[in-house]
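Participant: Have a look at this one before I ask anything.
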Amino acid sequence: MISLGKNQKVVNSGNSDSDLDLRVTIAGVTLDNPVTTASGTFSARESGAFYDINELGAVITKGVSLEPWDGNPTPRIAEAYGGMLNAVGLQNPGVDAFIRDELPYLKGFDTKVIVNVAGKTKDEYCRAVEKLCETDADMLEINISCPNIKEGGISFGADTSMAAEITRAVKKISKKPIIMKLTPNVTDIAEIARAVEAEGADGISLINTLLGMKIDIYQKKPVLWNRMGGLSGPVVKPVAVRMVYQVRRAVKIPVIGLGGIMTGEDAVEFFMAGADVISIGTAALVDPEAPVRIKRELIHFMKNNGYRSLQEIKDALL
Amino acid sequence: MTGFEPRILESKILGNDCIAREIYRLTLKYDNAEVKIKPGQFVNLYLNDKSMILPRPVSVCEAGNDRLTLVYRVVGKGTEALSGYAPGEMIRVSTPLGNGYDISDVVSTVKGASKKIVLAAGGLGVPPMIELAKTLRNEIEGRADNSATPDTSAASNTGATASLPDTDKKPEIVAVVGFQDEVFLKEELERFCHRVLVATDSGISGFHGNVVELMKTFEQPGDYYLACGPKLMLKAVSEYCLEKNLPIQVSLEERMGCGYGACVGCTCKIKEDHESVKLKKVCKDGPVFRGNEVVWDD
Ligand SMILES: Cc1cc2nc3c(=O)[nH]c(=O)nc-3n(C[C@H](O)[C@H](O)[C@H](O)COP(=O)(O)OP(=O)(O)OC[C@H]3O[C@@H](n4cnc5c(N)ncnc54)[C@H](O)[C@@H]3O)c2cc1C
Ligand SMILES: Cc1cc2nc3c(=O)[nH]c(=O)nc-3n(C[C@H](O)[C@H](O)[C@H](O)COP(=O)(O)O)c2cc1C
Ligand code: FES
């Protein structure tokens, strides 16, 4: 229950079943198990109050940017049928404060740390990445769903050439493995995946949230201050599974699959679609213990259905 | 801080009764768990219908041992579903979240018989005032057992304290509560407050007007204000206190994702040291803040 600090690392209990192999290696980094937290839905101290962070394969942090960002005014959250909309607007204390205050705490756990990076310009991404390369973060995940302020606010990830350009720029300076986190708000996800692979991305994660909107028909105005927000949760899962499936067949690099995973069975669905690692997002807001529960359910599923490794699940789809 | 790690517990519904139009009192029993509660904290209710995935935050109205009473208004799909839950059914509920009212600050600031603590609440801001009034009453009377109902007769109070110097006498707790129309929880407040003053927008009962208007009719303002209710009311009470240089704590409300500090969905702006403005989480750093530190936008 209690979060353990440095020097208090515990043996990873989930892997004690010697016949089950949950380990997975992506971009040269080995995770003890494939369960990670989705960016923006995990906070070390708060989430760590509910479960043992050492149980996770990796934590993926909330987005950090070069400068501190205030995010959007409230309301930032709305509910949708089987899901939620958020317009947090990437509030974060900036990369320097993150490196000083949060990263050392996260590195005190026996898990890998993947730092999610946000930016408004190519230069901002690169300068944040440069700073993070001087730390002991294990990998970086580049969130290219952010609006590009130099190109009229269109998301970097919605345009193949911009996605490629950011990947190229970041890869050129990075000493850490780079995971490109793709937005689902595109016509052809496979094309974007191929483009970032061609520029040297070490992995791909998807999906980020789907752009959505909710109107209060009695107040006659949008529920979110920002009017639009990102849809996540179980409602987006079929879209996410489809996109993981398409990307798996388009590229060779590892895929982190996420979008609406609520149970161990949902996780299995992503592995069968081709994910190597999975992330738990909205589920952890709805059930704070979700990441460790889903890991338990995954192990249970594997035992009950005779799978000994994740590879066997990945190979199972007919 | 409760000193407890937060948890989500299966809880049994003991009662779910309509106490006014569209207002329900939900009584829960935490399963095998003793839970410490500070007035002003809230709990997350997790609905059984999973199409409504987000928890519903509701303030603690009253608590004792393993019991928890909440009072809610049916305003949407979630609270409507909740009103249909029957006694005996189970519901998932978090242990109390957030920081409640700073009681020790009230008690250490307000001493003496001529002193007055004002609880100002409007609408669904009234329920948390019950546990708050109970706790304050026990604190100022030095009671250890918080389940006991104090003697509310003014005569016995003055009788008991007549020979003491003024600073040793007990301050008075006055609730000023406002409703649109129908009044609820008045008797419950009267159990713990020395006086309960009611305002209604419709004028159907008590003072015709709102809480702030009623407050302003006091000959002598209170010495400490504790407020909960609609943002506009909290803002007006805070401005009133700021003008008179009186201490005030307010309980804010915001749309929440997680309710435990992970999603940064529920921020508010707080002026620290009257200087820099910081973004704070209503769920984790609040919901109670100093009224003079809140930046009231729009
Ligand atoms: C700290 C705190 C304490 C509260 N205490 C009480 C209380 O004691 N009694 C009471 O009746 N209500 C209280 N509320 C408001 C209560 O949370 C909402 O009325 C309730 O969530 C409405 O749910 P719904 O499904 O019926 O409404 P819907 O409008 O269908 O809900 C849709 C979404 O919006 C959210 N939402 C809607 N209204 C509010 C609101 N006013 N504040 C926050 N989120 C909202 C819901 O949680 C849900 O996620 C409190 C809110 C907060 C933040
Ligand atoms: C409140 C909230 C904040 C988020 N913040 C970020 C973020 O900072 N960076 C990012 O890349 N994705 C962010 N996301 C997207 C999630 O990481 C994830 O891609 C998406 O929610 C889909 O997964 P889910 O359905 O499991 O939540 C956020 C999602 C939510 C709900
Ligand atoms: S509701 Fe998630 S941080 Fe407050």
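The values are calculated or read from the model by the stated rules, or taken from the named source; none is laboratory data. Fair warning: this is a prediction, and the values are worked out from it, not measured in the lab. Cβ placement follows ideal geometry from the backbone for every residue including glycine, while neighbour counts extend to all protein chains displayed. Quick note on the areas: whole protein, heavy atoms, side chains included, nothing else; ligands and nucleic acids left out. Shrake-Rupley method; radii C 1.70, N 1.55, O 1.52, S 1.80 Å.
Participant: Restricted to region A:216-259, and to residues that are more than 19 Å from A:Ala316 (Cα to Cα) and of a type in the set (D, E, K, R), which residue is most open to solvent (accessible area, probe 1.4 Å)?
Facilitator: Here the answer is A:Lys220.
Participant: A further question on this structure: Determine which member of the set B:Ile103, B:Ile19, B:Ile37 is over 30 Å from A:Gly48 (Cβ atoms), hydrophobic (A, V, I, L, M, F, W, C) and away from chain A (no Cβ under 14 Å).
Facilitator: The conditions single out B:Ile19.
Participant: Would you check if there is a residue in region A:123-131 being open to solvent by less than 10 Å² (accessible area, probe 1.4 Å), under 27 Å from A:Leu31 (Cβ atoms) and at pLDDT below 95?
Facilitator: no
Participant: Still on this model: Which is crowded, with 23+ Cβ neighbours inside 10 Å and part of a strand (DSSP E or B), of B:Ile53, B:Ile91, B:Ile130, B:Ile117?
Facilitator: On the way: B:Ile53 fails: part of a strand (DSSP E or B); B:Ile91 fails: crowded, with 23+ Cβ neighbours inside 10 Å; B:Ile130 fails: part of a strand (DSSP E or B).
Only one candidate qualifies: B:Ile117.
Participant: Moving to a separate point now. Please specify each residue of region B:36-50 satisfying the condition of being open to solvent by less than 30 Å² (accessible area, probe 1.4 Å) and either in a strand (DSSP E or B) or in contact with a Lys or Arg (Cβ under 9 Å, 6 or more places away or on another chain) (or both). Working first, answer last.
Facilitator: From region B:36-50, those open to solvent by less than 30 Å² (accessible area, probe 1.4 Å) are B:39-47; that's our starting set.
Listed by number, the residues that qualify are B:Pro39, B:Phe42, B:Val43, B:Asn44, B:Leu45, B:Tyr46, B:Leu47.
Participant: Also: With (1) away from ligand 3 (no atom under 16 Å from the Cβ); (2) in contact (Cβ under 8 Å) with a residue 24 or more places away in the chain; (3) of a type outside the set (D, E, K, R); (4) open to solvent by 10 Å² or more (accessible area, probe 1.4 Å) as the list, and B:Gly84 as the residue in question, which single condition is left unmet?
Facilitator: B:Gly84 satisfies every listed condition except (2).
Participant: Keeping to region B:210-230, report how many residues are more than 14 Å from B:Phe289 (Cα to Cα) and open to solvent by 10 Å² or more (accessible area, probe 1.4 Å).
Facilitator: 12
Participant: The conditions are (1) at pLDDT 90 or above; (2) open to solvent by 60 Å² or more (accessible area, probe 1.4 Å); (3) of a type in the set (D, E, K, R), and B:Glu254 fails exactly one of them. Which is it?
Facilitator: In the conditions (1) at pLDDT 90 or above; (2) open to solvent by 60 Å² or more (accessible area, probe 1.4 Å); (3) of a type in the set (D, E, K, R), B:Glu254 misses (2) alone.
Participant: Name the one entry in A:Met262, A:Met302 that is buried (at least 21 other Cβ atoms within 10 Å of the Cβ) and part of a loop (DSSP other than H, G, I, E, B).
Facilitator: A:Met262
Participant: Restricting to region A:228-240, name every residue that is at pLDDT 95 or above and more than 9 Å from ligand 2 (Cβ to nearest atom).
Facilitator: The answer is A:Pro238, A:Val239.
Participant: Go through (1) under 20 Å from A:Ile77 (Cβ atoms); (2) away from ligand 2 (no atom under 16 Å from the Cβ); (3) in contact with a strand residue (DSSP E or B) (Cβ under 6 Å, 6 or more places away or on another chain) and name the single condition B:Glu253 misses.
Facilitator: The single condition B:Glu253 does not satisfy is (3).
Participant: Turning to a different aspect of this structure: Report, by residue number, each residue of region B:264-288 that is within 10 Å of ligand 3 (Cβ to nearest atom), touching a helix residue (DSSP H, G or I) at 6+ places or on another chain (Cβ under 8 Å) and open to solvent by less than 10 Å² (accessible area, probe 1.4 Å).
Facilitator: Within region B:264-288, none qualify.
Participant: Something else: Tell me which strands (runs of 3 or more DSSP E) are completely within region B:183-298 and hold 1 or more residues being within 16 Å of ligand 1 (Cβ to nearest atom) and within 13 Å of chain A (Cβ to nearest Cβ), or say none if there are none.
Facilitator: B:267-271, B:277-281
Participant: For region A:45-73, name all the residues that are at the interface with chain B (Cβ under 10 Å from one of its Cβ atoms), open to solvent by 20 Å² or more (accessible area, probe 1.4 Å) and part of a loop (DSSP other than H, G, I, E, B).
Facilitator: Answer for region A:45-73, where residues must be at the interface with chain B (Cβ under 10 Å from one of its Cβ atoms), open to solvent by 20 Å² or more (accessible area, probe 1.4 Å) and part of a loop (DSSP other than H, G, I, E, B): A:Lys62, A:Pro68, A:Asp70, A:Gly71, A:Asn72, A:Pro73.
Participant: Hey, can you tell me all the residues within region A:43-91 that are more than 10 Å from ligand 2 (Cβ to nearest atom) and either among the polar types (S, T, N, Q) or within 14 Å of A:Met213 (Cα to Cα) (or both)?
Facilitator: A:Ser43, A:Ser47, A:Asn54, A:Asn72, A:Thr74, A:Pro75, A:Ala78, A:Glu79, A:Ala80, A:Tyr81
Participant: Also, I was wondering about something else. One residue is enough: does region A:234-249 have a residue meeting the conditions outside any helix (DSSP H, G or I) and in contact (Cβ under 8 Å) with a residue 60 or more places away in the chain?
Facilitator: Taking every residue of region A:234-249 in turn, none turns out to be outside any helix (DSSP H, G or I) and in contact (Cβ under 8 Å) with a residue 60 or more places away in the chain.
Participant: Any residue at all in region A:110-119 that is free of Cβ contacts under 8 Å to residues at least 60 places away in the same chain, more than 14 Å from ligand 2 (Cβ to nearest atom) and more than 14 Å from chain B (Cβ to nearest Cβ)?
Facilitator: The first filter runs over region A:110-119 and keeps only residues free of Cβ contacts under 8 Å to residues at least 60 places away in the same chain, leaving A:113, A:115, A:117-119.
Okay, now just the ones that are also more than 14 Å from ligand 2 (Cβ to nearest atom), so A:113.
Those still in the list that are more than 14 Å from chain B (Cβ to nearest Cβ) too: A:113.
The answer is yes, given that some residue of region A:110-119 is free of Cβ contacts under 8 Å to residues at least 60 places away in the same chain, more than 14 Å from ligand 2 (Cβ to nearest atom) and more than 14 Å from chain B (Cβ to nearest Cβ).
Participant: Can you tell me how many residues within region A:76-100 are at the interface with chain B (Cβ under 9 Å from one of its Cβ atoms), within 16 Å of ligand 3 (Cβ to nearest atom) and open to solvent by 40 Å² or more (accessible area, probe 1.4 Å)?
Facilitator: Number of matching residues: 1.
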